[in-house]
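Participant: Structure incoming, see below.
Please treat every number below as a calculation from the coordinates, not as lab data. All figures in this text were calculated on a predicted structure; none of them were measured in a lab. A quick note on method: Cβ atoms are made from the backbone with ideal geometry, for glycine too, and the neighbour counts reach across all protein chains shown.
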């Protein structure tokens, strides 16, 4: 078996493990799993991601010896058209586009050819298709391809480099290890879906009902919505009152809101993030994260207002607690042995991190928003989310093994 053949198998194993895809064409593919017959004869190996919780994707490998850029361009064009017109891959409930990842392998590619291959793109633009092209120089263990923001290696680059490292380590990926990896990924998905269905987010629904009930009472209070007297009457945070012994305001402030826009945004965020986190963590862990994050966020706000000479300022809202549960979503991407499949966890984590960065940037230029409470809740939520994360049994049958582990398992 050549180094390219071994690399193809190790790369397939790594992509199955990282992205939850399945092998439908290649040296170790099960013939029964071939989804589409026409068009694949041009490619040495094909993997697809089309299961629940997996970003729709097609990974194709081709050998680069003697392949001109023009021929590669024609192949990429034909592949793009075939995926868009005849692909059975589900685009998901949001209509997300399909990633098309082309990986060219060669026993030896000079850097200029490698970079030239990696710049190949379909001649026609398809709104629902996201193409990426990579070139792998097997002899020199180099990967040419897409970088995030022009600086950071993509997940595909990281996976291909790991396969090259496994190749150096003498790892193997036979049919049994590939099938086991695919079964493990399918098992993870089933366990995750079962967890989501089993845990109905009653705590989140109760919190929303309580928040809106308090807001309704605020609306009928004589002083009117948003008035300092109204906010204080229903339990908003004021440092001077906390200093006098009214420590419960650190908790009650989480249920008081200033106006309709304030409660609307917090309610949408709480419903969107809270229902997901509660389904994953369960009601007790979720409630602990929510309330501890909210109280410590209030405490951070209290300390800052005292330190900055604002003891009579008033703060209210559930945003500190909401940032706490958003922090939980961020740490999903670094959890190991989690009930959330790795590809899903990483996607959620990256998406939530981007939203949080934008939100904090907005907070920094909005003096009426207490950024200290937001950051405090976020940090507490991240720590608690990591510590309280539900785990799955770490047994051999439920694990997705890497190529390097497969070397030891088969020895």
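Participant: Could you work out which residue, out of 279, 197, 17, moves most in a Gaussian network model of the chain, that is, has the largest mean-square fluctuation with Cα springs under 10 Å?
Facilitator: 197
Participant: When all C-alpha to C-alpha distances in segment 243-288 are sorted into bins of 10 Å, what percent of pairs does each bin hold, rounded to whole numbers?
Facilitator: Per 10 Å bin, starting at zero, the Cα-Cα P(r) for segment 243-288 comes out as 22, 37, 33, 8 percent.
Participant: Report the label-to-label distance for residue 353 and residue 219 in nanometres (one decimal), using points 7 Å from each Cα along the Cα→Cβ vector.
Facilitator: Between residue 353 and residue 219, the simple spin-label model gives 4.0 nm.
Participant: Label residue 69 and residue 81 with points 7 Å out from Cα along Cα→Cβ: what is the distance between them in nm?
Facilitator: For the pair residue 69/residue 81, the computed spacing is 2.2 nm.
Participant: Can you give the FRET efficiency to the nearest 0.05 for residue 337 and residue 307, using r as the Cβ-Cβ distance and R₀ = 60 Å?
Facilitator: For residue 337 and residue 307, the calculated efficiency is 0.90.
Participant: What does the extension gain come out to for residue 268 and residue 244, with contour length at 0.36 nm per residue minus their alpha carbon separation?
Facilitator: Between residue 268 and residue 244, full extension yields 5.2 nm more.
Participant: So which residue, out of 28, 78, 191, gets the largest mean-square fluctuation from a GNM of the chain using Cα contacts under 10 Å as springs?
Facilitator: Answer for the Gaussian network model of the chain: 78.
Participant: What ranking do 312, 374 get, fewest neighbouring Cβ atoms within 10 angstrom at the top?
Facilitator: On the way: 312 11, 374 24.
Arranged by neighbour count, lowest to highest, 312, 374 become 312, 374.
Participant: So if I average 1/r over every pair of distinct C-alpha atoms in segment 197-387 and take the inverse, what Kirkwood radius in Å does that give?
Facilitator: 16.8 Å
Participant: Another question about this same structure. Using only Cα positions of the chain, each an equal point scatterer, no hydration layer, compute I(q)/I(0) via Debye at q = 0.06, 0.10, 0.15 Å⁻¹ and quote the log10 values to two decimals.
Facilitator: -0.33, -0.77, -1.25
Participant: So which residue, out of 385, 66, 116, gets the largest mean-square fluctuation from a GNM of the chain using Cα contacts under 10 Å as springs?
Facilitator: Result for the chain, Cα springs under 10 Å: 66 fluctuates most.
Participant: Run the numbers for residue 123 and residue 187: contour at 0.36 nm per residue of separation, minus the present Cα-Cα distance, in nm.
Facilitator: 19.1 nm
Participant: Still on this structure, I have one more. What is the calculated FRET efficiency for residue 388 to residue 41, with r their C-beta to C-beta distance and R₀ = 56 Å, to the nearest 0.05? Please report the intermediate quantities before stating the final value.
Facilitator: Values: r = 51 Å, r/R0 = 0.90.
Efficiency, from the Cβ-Cβ distance: 0.65.
Participant: Suppose only helical runs count, i.e. DSSP H with n ≥ 4. What mean residue ellipticity at 222 nm does that imply for the chain under -39500 (n - 2.57) per run, divided by all residues and rounded to the nearest 500 deg cm²/dmol? Present the calculation step by step, with values, prior to reporting the outcome.
Facilitator: Working: 16 runs with 216 residues, N = 411.
Value at 222 nm, helices only: -17000 deg cm²/dmol.
Participant: Quick one: order 278, 188 by neighbouring beta-carbon count within 10 Å, fewest to most.
Facilitator: 188, 278
Participant: By count of other Cβ within 10 Å, fewest leading, how are 136, 242 ordered?
Facilitator: In increasing order of surrounding Cβ atoms, one gets 242, 136.
Participant: Treating the angle as unsigned and between 0 and 90°, give the value, to the nearest 10°, between the Cα long axis of helix 342-364 and the longest Cα principal axis of the chain.
Facilitator: Compared with the principal axis, the helix lies near 40 degrees.
Participant: For the chain, what relative contact order do you get, as a whole percent, if you take Cα pairs closer than 8 Å and at least 6 residues apart?
Facilitator: Computed value for the chain: 16 percent relative contact order.
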